[in-house]
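> Please see the structure below; I have some questions.
The values are calculated or read from the model by the stated rules, or taken from the named source; none is laboratory data. Model, not experiment: these values are computed from the prediction. Because the Cβ atoms are built from the backbone with ideal geometry, glycine has one as well, and the counts that use them run over all protein chains shown. Please note that ligands, DNA and RNA were not included when accessible areas were found on the heavy atoms of the full protein model with its side chains. Shrake-Rupley method; radii C 1.70, N 1.55, O 1.52, S 1.80 Å.
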Amino acid sequence: MEKRFGVLRTIATIFKIVAWVVLVITIIGFFVALLGSSLFGRGGIASSFLVLIIGVIYFLSLYAFAELIYLFLSIEENVRLIASKSDSSKPEERREQQ
């Protein structure tokens with residue numbers, strides 16, 4: 001069975017890659033903000049945790065959207081497979097209806 005909607009698969013994969021890049025940048029930003037707060041001592045601990053929380057939320061959103069695309073593609077494949085099996089298994093009923 002051929003795979004359809006190749007562009008959507010590519011977009012979902014790109015979203016997953018971007019999500020992981022965002023997570024890595026978030027973790028690096030967290031440690032940079034934490035180090036900066038310890039060097040300059042201006043309440044940066046709260047802002048570093050804010051960077052971490054917002055980054056993780058952004059990561060989860062991107063990753064969940066990619067998985068949602070894959071879910072819809074999987075549903076479409078399963079429905080198409082069921083429809084093709086039901087069409088090929090009952091040729092007599094189609095002749096009787098005509």
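> Under a crude label model (7 Å from the Cα following the beta-carbon direction), how far is VAL21 from VAL79 in nanometres?
With each label placed 7 Å out from Cα toward Cβ, I get 3.3 nm.
> While we're on this one: Label ILE53 and GLU2 with points 7 Å out from Cα along Cα→Cβ: what is the distance between them in nm?
So the label points at ILE53 and GLU2 sit 5.0 nm apart.
> Still on this structure, please answer the following. Would you work out what percent of the accessible area of the stretch 1-85, with all protein chains in place, is carbon or sulfur (probe 1.4 Å)?
Percent of accessible area from carbon and sulfur atoms in the stretch 1-85: 79.
> Each residue of the stretch 5-11 in order: what ³J(HN,Hα) in whole Hz does its phi give by Karplus 6.51 cos²θ - 1.76 cosθ + 1.60, θ = phi - 60°, with x for Gly and Pro?
Whole-Hz 3J(HN,Hα) from phi for the stretch 5-11: 6, x, 5, 5, 5, 5, 4.
> Moving on. Modelling each spin label as a point 7 Å along the Cα-to-Cβ direction, I'd like the PHE72/SER88 distance in nm, to one decimal.
A separation of 2.8 nm, rounded to one decimal place.
> Let me ask something else. By per-residue mean of other Cβ atoms within 10 Å, what is the highest-first order of 24-30, 78-84?
24-30, 78-84
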